[in-house]
1. With the cut-off at 1.5 for a/c, could you classify the range 329-389 from its C-alpha gyration tensor as rounded, prolate or oblate?
2. Around residue 652, with a cut-off of 11 angstrom between Cβ atoms, what is the net charge of the other residues, counting Lys and Arg +1 and Asp and Glu -1?
3. Would you mind ranking 540, 484, 625 by Cβ crowding within 10 Å, fewest neighbours first?
4. In the range 552-572, whose amide N lies under 17 Å from the spot 7 Å out along Cα-to-Cβ of residue 654? List them in ranges.
5. How do 610, 570 rank when sorted from fewest to most other Cβ atoms within 10 Å of their own Cβ?
6. In percent, what relative contact order does the range 320-391 have, based on Cα pairs under 8 Å that are 6 or more apart in sequence?
7. Please compute the net charge surrounding residue 279, taking Lys and Arg as +1 and Asp and Glu as -1 over other residues with Cβ under 12 Å from its Cβ.
8. Among 238, 259, 145, which residue has its Cα furthest toward the positive end of the charge dipole of the range 143-286, with +1 on Lys/Arg Cβ and -1 on Asp/Glu Cβ?
Amino acid sequence: MRTRRISTATSLAVLFSSVVLVGGAANPAAADSSKILPAASVGDVVADGVHQRVFISDPTSGKVLATDYSGNVVGTIPSLPGVTGLELSADSGTLYAGVRGADAIAAIDTSALVESARYATGANTEPAYPALAGGKLWFGYGAAAEGNIGSLDLSGAEPVVTLGQDPDRTWYSAPTLASTPGAPGTLAAGIEGQSPVQLAVYDVASGTATRTAQVRTDGSNLRDLALTPDGSQVVVASGAPYRHQAYRTSDLTTGTSYPSDAYPNAVDIAPDGTVAAGIDGSYEPDVYVYKQDTTTPIRTYDFPNTGTSSGSDLLVPAGLAWAPDTSRLFAVTENSTGVRSLRVLTDAVKSPTTVTVNAPDKSALDKKLTVTGRVKSAGAFPAGAKATVTRTDIESPKGKALPAVTLKSDGSFSFTDTPTAGGQVTYKVSYAGDATHSAAYGSDKVAVSRSATSLTLNHNKALYSYGTDVSFTAHLGTTYKNRTVELWVDPFGPDKPNKLVKTGKVNSKGDLSTTVDMTRDTTVTAVFKGDGRYASKKVTSTAFAKVKVSTSVSEQYKTAKIGKTSYRYFHKKTDPVFTTTMTYYKNRSHKLSLELYYQGKWYDAGSQYFMLGTGGKTLVTLKGTHDTGYRMRVRASYVNGTSGDTVNSTTHGAWQYFIFTN
């Protein structure tokens, strides 16, 4: 176990949550996710493996957040002013928190998520960083020029607080403490932000802190420290140098350093010794994961941007915490607008794996083809390691398992298969992962040829009177298994969407029909989606519909025939009224045309467009000086395009005949 401190930035986080895939330079697992934290600052991060919770202190808001392993907030413990360091008891039943603003150590019930006790440490002590070691709870405390180490003994009937455990007054201010169950008598300490970095190691097995080693390192701006599980080394994250330094706790001489980049700001060590090393880097990976005492990372993580902030998210100081079983690595990040996120990184102790699959671009149906590929990762795969193979095609849309393939020593593989269905065939090869390699999969597609079938649709380019019921029939030719056809009807005009009106199997003749009420020009589409041996096909038929249009003439003094044609008779001082009735459509106009009969022929006497009323009627009065003795006629027309729309076909009404007399 260990205790760490994160700087108390004060900007208020946005109070909402979202899930984001974590992008990484070393192919992070697809399950990696992120949730935004309702926190104004972050003081420390601790993972509880028993309850599968993550605890995050928020000094500015004076609270501790509890999330589940997915990052969802499940509880808040308030009234903890300046709460900073956190330490979990060995049984995970109690979380201890240094509450600087209350001069106390708070105990939090990790099951009920409530404060269960509070232990005063003395006026103006400002305890910040608790750590369990030697049967006591130790804590760094003190403001500037008053730093020291204290202990809290909870083994007796009453709690006992002992201050001034470092009589040499080693610390200018409250030191950050680190401990580990594997070395219960060892306590490591350092001051956050100090340059050069000062480290010390204490033997606390007797209940009293005895300093056994001390050093001023070449590092500057200490941000975090952690002990290895056996207590033999302390690993520090300092702004400089640009690596995570390790020191032997026996004498604080240098041990194995873990290469990272500028600027190291976080470190946590899992119970199995795996080191998570984090940096404050905008253009480099944010987290490097190492096996203990190695210098090549197992994997790295580079965090993407959260929300609309500029740049990528950055790891906050001391913002790393391992789940005890190493199933997850938790990281707290912050973006340029002050939004903090808890990122959940899975498979962090496993080398990232990639799977490449190479299949032919094209292949014939029922012809054997060969698929090759490689499963690639750091280190050798176990002998006899296998990868599963799935083939997905039109007849097996959920995938069909094929025999597993055994990986060669270099991870390569090869297999043959004979596609029994045409179209797009996908081969997916999956490696389930092992103790040291993460799971991964890859795929490739093959275009497998299929035969063509015939599909026809009647009534293309036919013209119908308004409102005619027309039966459109699709005819499907030879297929393999699929005899289903879709019929779509798309009336002209933006207000009428293309609509699936019928889906069904064709009859014994290969036909499927639907009836369309032809009130507009309409495109009917027949769709065959194909099957294992015949390719998909689509055909269309566009039929046209006239409008309803008629014109009546009024104000005449009589009606009589000239030859076989009926004429309306008007006195020359009477103005005829022409009433046009037409199928209504928004912003539609009708064309009114006049013709005059002279010497045996009809001549154009003028035309004009008039806006159609919303009720589908328009009245037009023919005014002016009316010459007598001339036969005339009038009609209304809908003209596709110039009448204001294009949803119907051009339609002319019947001529109405009239004549003026004295």
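1. Working: a/c = 4.55, a/b = 2.07, b/c = 2.20.
Cα axes put the range 329-389 in the oblate bin.
2. +3
3. Ascending number of Cβ neighbours within 10 Å: 625, 540, 484.
4. Zone members listed by number: 552-554, 559-569.
5. Details: 610 15, 570 22.
Ordered from fewest to most neighbouring Cβ atoms within 10 Å, 610, 570 come out as 610, 570.
6. Relative contact order, the range 320-391: 21 percent.
7. Details: positive: 223, 243; negative: 224, 261, 280, 284, 286, 302.
Net charge in that neighbourhood comes out at -4.
8. In the range 143-286, that residue is 145.
All of the numbers you see were taken from the coordinates with simple rules; none came from a lab. Because the structure is predicted, anything quoted here is derived from the model rather than measured. No Cβ is skipped: glycine too gets one built from the backbone with ideal geometry, and neighbour counts run over all protein chains shown.
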